[in-house]
Amino acid sequence: MHAKRPVIIANIPKLPAKWAGIIMPLLLSGLMSGIISMVNMLRALGWVEGLITLWFQNWMISWAIAFPVVLVVLPLVRRFTAMLVDMPGTPK
């Protein structure tokens with residue numbers, strides 16, 4: 001008998017744990033680029049007609065840049081964090 005695989009919604013199966021290293025930066029870069037681009041657009045333009053469409057277009061461009069940048073700098077940030085924080089199990 002096969003063990004039932006956990007699902008996200010309906011019958012869409014969850015990704016294996018090995019994908020966490022890609023999914024977490026994907027979600028984090030998406031949220032951060034979306035929030036920051038909206039704040040910057042509101043500050044620059046105010047609430048103008050078509051703001052949501054303009055913001056969405058700019059957010060997608062920002063996210064397309066932010067995600068690869070996060071993937072590249074994340075190992076450096078982890079090393080720098082380990083220099084500043086006493087984390088069990090990390091080489092000294």
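Key figures
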item: Of all accessible heavy-atom area on the chain, the percent that carbon and sulfur account for (1.4 Å); result: 73
item: Linear extension gain, Asn58 paired with Lys14, 0.36 nm per residue minus alpha-carbon span; result: 12.8 nm
item: Gained length - Leu27 relative to Val73, 0.36 nm times residue gap less alpha-carbon distance; result: 15.0 nm
item: Note, ³J(HN,Hα) from phi for the range 35-42, Karplus 6.51, -1.76, 1.60, rounded to Hz, x at Gly and Pro; result: 5, 5, 5, 5, 4, 5, 5, 5
item: Structure-based [θ]222 nm, the chain - -39500 (n - 2.57) summed over DSSP H runs of at least 4, per residue, nearest 500; result: -23500 deg cm²/dmol
item: For the range 5-14, Karplus couplings with θ = phi - 60° (6.51, -1.76, 1.60), whole Hz, Gly/Pro x; result: 6, x, 10, 7, 9, 6, 10, 7, x, 5
item: Projected label distance in nm at Asp86 and Glu49, using a 7 Å step from Cα toward the beta-carbon; result: 6.2
item: Span from the the range 22-53 Cα centroid across to the the range 65-89 one, whole angstrom; result: 23
item: Candidates Val48, Val70, Val39: whichever shows maximal mean-square fluctuation once the chain is modelled as a Gaussian network with Cα springs under 10 Å; result: Val48
item: In order through the range 52-69: 3J(HN,Hα) via Karplus (6.51 cos²θ - 1.76 cosθ + 1.60), integer Hz, x for Gly, Pro; result: 5, 5, 4, 4, 4, 4, 5, 5, 4, 5, 4, 5, 4, 8, 5, 4, x, 4
item: Volume per residue of the C-alpha convex hull in the chain, rounded to whole Å³; result: 166
item: Residue-normalised accessible area of the chain, given per residue in Å² at a 1.4 Å probe; result: 85
item: Relative contact order of the chain, pairs being alpha-carbon contacts under 8 Å that are 6 or more residues apart, as %; result: 28
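The values are calculated or read from the model by the stated rules, or taken from the named source; none is laboratory data. All values derive from a computational prediction rather than experimental measurement. Neighbour counts run over all protein chains shown; Cβ positions are idealised from the backbone, glycine included. Ligands, DNA and RNA are stripped out before the accessible areas are found, and what is left, the full protein with its side chains, is counted by its heavy atoms. Shrake-Rupley method; radii C 1.70, N 1.55, O 1.52, S 1.80 Å.
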